[in-house]
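Participant: This is the structure, below, for whatever I ask next.
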Amino acid sequence: MVKLLEGKRPSDKIKYQVAKEVKKLDVKPKLSVIMVGNNPASEVYVALKHKSCKEVGMTSDEYHLPENTTQEELEKLITKLNTNPAVSGILVQLPLPKNLKTSRIMSLINPAKDVDGFNPVNIGLLTIGDKCLEACTPKGIMLLLEENKIPVEGMHAVLVGKSLIVGKPLMQMLLNRNATVTVCHSKTRDLKSLTSKADILVTAVGKAGLIKSDMVKEGAVVIDVGFSRIPDASTQLGYRIAGDVDFENVKHKCSWITPNPGGVGPMTVAVLLQNTLKAYLMQGGR
Ligand code: NAP
């Protein structure tokens, strides 16, 4: 029978543990969030991050910069936060406006404050399997597997999506746990022939219904990271949220499947809080 890989309980458990640690600290960890422009989806995510920090007793502040911010202005702010001892973690909300060089910005964040795990130092440490700040969504997926005692070693994991945010760091985390990993993307030929071989299938594309029943192996573990807004006049918001997986038709074939929403999303936020505490401790509790 299919089991749901729900994120609520394990993410609450992580938040509870973080809150317990934070309570013991005289000076609380602080997350500084930088947002450039007025992307409505980003505004929702940023608000959720502030709310979550508050829930676990951490502080947070926000630098909301205008759309026309220059590379130089953004770099100057990051340099200032890098050396501010009151700031434990720095998060630059993505995507950035097109005139800004995201990779340069990620490289500039102090690796010890890089709570998103996108700085090349942290990516390199992850690659060699050393202690580092790890990207939140893939780390959340690994914790979801661990929490439900789903074995990874020796399994064939197929990832659909190779972004720096999800696919690439997840590939490394799975390899570090001795899975055999195949990474697919928009230029992959015959996606179905690969996804249908997966013991663990993770999809992070953002195309609703991309993964259909005939693309999934019987008994597979299916993790749906995708997030799309589908216009739907019958809902209060005028849209509904959908993942990449055709959930209703795929679920019967799976041993485990994430609901979406309610699977990976809560884990991402919980790992961000965990990373902020870790960053604080790595900097000697400042
Ligand atoms: P992204 O940077 O746009 O990457 C999308 C990936 O999908 C790319 O690697 C792309 O291939 C691949 N792709 C596009 N069309 C494809 C197709 N037809 N077949 C196979 N692969 C295809 O996106 P992202 O930032 O990784 O996010 C992916 C999705 O996950 C989005 O819906 C996002 O909202 C969601 N997300 C959710 C969370 C969460 O916490 N719940 C966190 C992060 C992201 P190329 O590389 O060849 O272009």
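Read the figures in this text as sums done on the coordinates, not as results from a lab. These numbers come from a predicted model, not from an experiment. All Cβ positions, glycine included, derive from the backbone under ideal geometry; neighbour counts span all protein chains shown.
Participant: Longest exposed-loop-site-free stretch of the chain, with GluC sites (Glu not before Pro), DSSP loop and at most 14 other Cβ within 10 Å?
Facilitator: Answer - 68-152.
Participant: As an exercise, identify the trypsin sites (Lys or Arg not before Pro) in the range 79-160 lying in DSSP coil whose Cβ has no more than 12 other Cβ atoms within 10 Å.
Facilitator: Taking the range 79-160 and a limit of 12 other Cβ atoms within 10 Å, the loop trypsin sites (Lys or Arg not before Pro) found are Lys98, Lys131, Lys149.
Participant: Looking at the P(r) of the chain, how many percent of alpha-carbon pairs lie beyond 27 Å?
Facilitator: In whole percent, the long-distance tail amounts to 41.
Participant: Follow-up question, since we're still on this one. Give me the mean projected area, in nm² to one decimal, of the convex hull enclosing the Cα positions of the range 132-286.
Facilitator: Orientation-averaged projected area of the Cα hull: 10.5 nm².
Participant: Report, in deg cm²/dmol and to the nearest 500, the calculated mean residue ellipticity at 222 nm for the chain, where each DSSP H run with n ≥ 4 adds -39500 (n - 2.57) and the sum is divided by the residue count.
Facilitator: Theoretical 222 nm ellipticity from helices: -11500 deg cm²/dmol.
Participant: About the Cα centre of the range 99-152, how large is the charge dipole given +1 on each Lys and Arg Cβ and -1 on each Asp and Glu Cβ? Please answer in debye to the nearest 20.
Facilitator: In debye, rounded to 20, the range 99-152 gives about 200.
Participant: Right, something else. Does anyone have the angle between helix 40-55 and the longest principal axis of the chain? Alpha-carbon axes, 0 to 90°, nearest 10?
Facilitator: Its long axis makes an angle of about 70 degrees.
Participant: Could you tell me whether the range 119-206 comes out rounded, prolate or oblate from its Cα gyration tensor? Rule is a ≥ b ≥ c as square roots of the eigenvalues, rounded for a/c under 1.5, then prolate if a/b exceeds b/c, otherwise oblate.
Facilitator: The shape class here is oblate.
Participant: Please list, by residue number, every one of the trypsin sites (Lys or Arg not before Pro) in the range 150-213 that is coil in DSSP and has at most 10 other beta-carbon atoms within 10 Å.
Facilitator: Lys187, Arg189
Participant: Let me ask something else. Please list, in order along the range 91-96, the HN-Hα scalar couplings obtained from phi with the Karplus expression 6.51 cos²θ - 1.76 cosθ + 1.60 (θ = phi - 60°), rounded to whole Hz, x for Gly and Pro.
Facilitator: Whole-Hz 3J(HN,Hα) from phi for the range 91-96: 10, 9, 5, 9, x, 8.
Participant: Quickly work out the Lys54-to-Asp214 label distance, labels modelled 7 Å from Cα along the C-beta direction, and quote it in nm with one decimal.
Facilitator: The modelled label-to-label distance comes out at 5.0 nm.
Participant: Nearest 10 degrees is fine. How inclined is helix 167-176 to the longest principal axis of the chain, computing both from alpha carbons?
Facilitator: For 167-176 against the chain, the angle is about 80 degrees.
Participant: With angles folded into 0 to 90 degrees, how steeply does helix 136-147 sit against the dominant principal axis of the chain? Use alpha carbons for both and round to 10.
Facilitator: With rounding to tens, the tilt is 50 degrees.
Participant: Under a Cβ-only charge scheme (Lys and Arg +1, Asp and Glu -1), can you give me the dipole magnitude of the range 1-111 about the Cα centre, in debye to the nearest 20?
Facilitator: Using Cβ point charges on Lys, Arg, Asp and Glu, the range 1-111 gives about 560 debye.
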